[in-house]
Amino acid sequence: MSADVQLENVSVRFGDFTAVRDASLTIEGGEFFSFLGPSGCGKTTLLRTISGFQEPSEGRVLIGGRDMAGIEANRRPTALIFQNLALFPLMSVWENIAFALEVRGESKQQRLKRADELLELVALPGQGNKKVDELSGGQKQRVAVARALCAEPEVLLLDEPLSALDLKLRQHMRTELRAIQQRAGITFIYITHDQGEALTMSDRVAVMRQGMIDQVSDSTTVYDHPETAFVASFVGGNNAFSGRLTATNGTEATIDTPDGTFSARTSGHSALAVGDQSIVFVRPESVFFTQASEQGNLVDVTLVSQEFEGHFWHLVLETSGGRAVRMSVMNDGAPARFLPGEKLTIGFSAANAIVLPKGELAAE
Amino acid sequence: MISWLKQFSSRNGVGLSVYLLGTVTLWILVMIILPQLLMLDFSFRHNWHHMDPAKMGGPEDVYTLVNYHFLLYGSPNNPDPFNVVDVTVFFRTIIAAVFVTIFDLAICYPIAYYLAQVAKGARTRFMVLALIVPFWVNEILRAFAFRILFGEEGTLNAILLALGILNEPIDFIREDVALYAGLGYAYILLMIFPLYNAIESLDKNQIEAARDLGSSWLRIHRRVVIPFAKPGITSGCTMVFMLTAGALALPQIIGGPSSLWFTQIIYQWFNTGSNWPRGSAYAIVLLVVCIAFVFLVMRIFKVRIGEIGR
């Protein structure tokens, strides 16, 4: 069974500090939903509010349409997977997994049987009698998932559970988690500061900034159609050119910046008028080399450094105004073509650039 | 051994190494092992006060079990099958010490849990201070204060009478209430701090995880907190039990007139009885039985000796 989760104007305050500010959204039943944001953006607080460890200062949390006010964590249809997993070190693997059944007073036979089924589900068959300390990081991860699933939650909450794993394992566990979610058919709410995790696994992503939800969209929309300057700069690499909007026809606008005059598409979500302070965002992979004689968005730059990362060359360029511009060039097997200090002209198409109102940018 | 010494001195420097090895060796040999060996030696000897000084060290000055025999069977003209007074006092002391230990554990566990997992910052510091400061008052003063508190005309009786809960005063001292309260209070810090240390190192997420999986608070304590705190519980209980069984001043001052603590009998043999060998034998029996008892309980609760130090 899966349940939807509704947040209605949820705010959480600790003294003078507001951790979550007026959050409202609906997470559909059976959805893989992620909250993405830098550390300190309030995403963990929001998760704890859903799980019942934190009461909202204002607003309501509804799970399956039921108001959760006054319902403690042990009575909610949610299960939380902690960042450090919080497995019980003095219990064996199967005791850990079947803890929720022990709480309900099920017989040892029942518990062993269910633990075995869940170990099967998370691809750890026959490991029930091991001690928690005997497992590897990835195995502990799966035990934590199994332990949470054993409680038969309608909503599974995950607090950055992959952050302690190494890169390869993390990528593997992404696929695994997604598969488990589809098999279990329940709502997953995932918290992460890692955009790669959020974008690959989720049906939808909510990007958070300083306790506020900036944007809720599916992965491609968050990446291709950011609605705020923060989302544009936080999700994926982006080059930002600040300037003043000089003309707009509703779908495309012209912006005067110290590095040149650029045209870019406008976002449907933010109405910009002539004269507004705004920022043009261009992804490093949308930048290409061109000639000063060409038409369109052109910038004269100097090559500062280049980094080889297998499938891409990452170049750092500098405009005549001293602004750093990042550019990614697909590795076509040719040796590095340029030398630091070389003068180049780069360009980008208006369709691959987006103009957004001036706002807070993510920290580099 | 030589290479270990070399390594030790290269790691700590020659000066510090000599100091550490010297003091620790001195401490263990002179302060711990030697005196106890002397006591053990005493306990197997005849009382020198009954021996002609000329014969001391002579062929009649031999090892004997007479002192241990006396603890079990009393004097040769004792009509009972065993030494009723001493043996009874011995077991009563052990049982009372167990009772005081359990009582302390019951009182201290919630306080230690609160300090370690619930209270924050300034409140923790204030509570710890409030626990420690009363122990600046010395033991004798505290004991006599308890006499005043628990006496037949003491504060507690006065309050209970004034509130109409009692019609006539209870002699808390005769009933040993004062003694148990005093002993329970005397070693409370030795229970709280090991518990606090153990519980404090428990990851809060484990408690929340258990809660999240539907557990009641009772089960969280039974399945998560107490198993984790077991080494702390063991070291707290061991210390309180040993010190209670070996307490002397409190039983002397606030013990009821009819109830003797085993240490008081030992004290009498050493002091008024002028019989050091017998006093030593009694003290050795108390020590050995207490240690054996602690190991037995640890075995029952499956705690290894190495865990206590954690």
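Each reported figure results from applying straightforward, stated rules to the coordinates on display, with no laboratory input. Quantities reported herein were computed from a predicted structural model and do not represent experimental measurements. We place every Cβ from the backbone using ideal geometry, glycine too, and count neighbours over all the protein chains shown.
Points worth noting:
- Neighbour net charge for A:Glu176 - beta-carbon separation under 15 angstrom, K R +1, D E -1: +4
- Rounded, prolate or oblate (a/c below 1.5 giving rounded, otherwise prolate when a/b exceeds b/c) for region B:74-308 by Cα gyration tensor: oblate
- The relative contact order of region A:287-364, computed from alpha carbon pairs under 8 Å that lie at least 6 residues apart in sequence, is 38 percent.
- Listing A:Met173, A:Met212, B:Met191 from fewest to most neighbouring C-beta atoms within 10 Å gives A:Met212, A:Met173, B:Met191.
- Relative to the Cα centre, the charge distribution of chain B, modelled as +1 at Lys and Arg Cβ and -1 at Asp and Glu Cβ, gives a dipole magnitude of about 1440 debye.
- Simple rule: put +1 on each Lys or Arg Cβ and -1 on each Asp or Glu Cβ in region B:96-224, find the dipole, and look at B:Gly121, B:Phe144, B:Ile159; the Cα lying farthest toward the positive end is B:Gly121.
- Over the residues of chain B, the helix contribution to mean residue ellipticity at 222 nm works out to -20500 deg cm²/dmol, using -39500 (n - 2.57) for each DSSP H run of at least 4.
- A cut-off under 11 angstrom between Cβ atoms defines the neighbours of B:Asn157, and their net charge, with Lys, Arg +1 and Asp, Glu -1, is -4.
- For region A:236-364, the Cβ-based charge dipole about the Cα centre amounts to some 160 debye (Lys, Arg positive; Asp, Glu negative; other atoms uncharged).
- Additional length obtainable on full extension of the chain from B:Lys302 to B:Ala122, 0.36 nm per residue less Cα span: 61.1 nm
- Region A:115-250 has equivalent-ellipsoid semi-axes of 38, 15, 11 Å, by the square roots of 5 times the alpha carbon gyration tensor eigenvalues, sorted largest first.
- Selected from B:Thr25, A:Gln6, A:His269, residue furthest toward positive end of dipole (the protein assembly as shown; charges at beta carbon): B:Thr25
- Summed over qualifying helices (DSSP H, 4 residues or more, each -39500 (n - 2.57)) and divided by its residue number, chain A shows a 222 nm mean residue ellipticity of -6500 deg cm²/dmol.
- Over all other residues within a Cβ to Cβ distance under 13 Å of B:Pro227, the charged ones net out to +3, with Lys and Arg as +1 and Asp and Glu as -1.
- Residue-span extension gain [B:Tyr114 to B:Val84] - 0.36 nm each, minus C-alpha spacing: 6.3 nm
- Annotation: lysines with alpha-carbon distance below 20 angstrom to A:Lys168 (same-chain offsets under eight excluded): A:Lys140.
- At least 27 Å along the helix axis (C-alpha) and Kyte average at least -1.0, DSSP helices within chain A: none
- Placing +1 on the Cβ of every Lys and Arg and -1 on the Cβ of every Asp and Glu, with nothing else charged, gives the protein assembly as shown a dipole about its Cα centre of roughly 1500 debye.
- Beta bridges per DSSP, both residues in chain A: antiparallel share near 75 percent.
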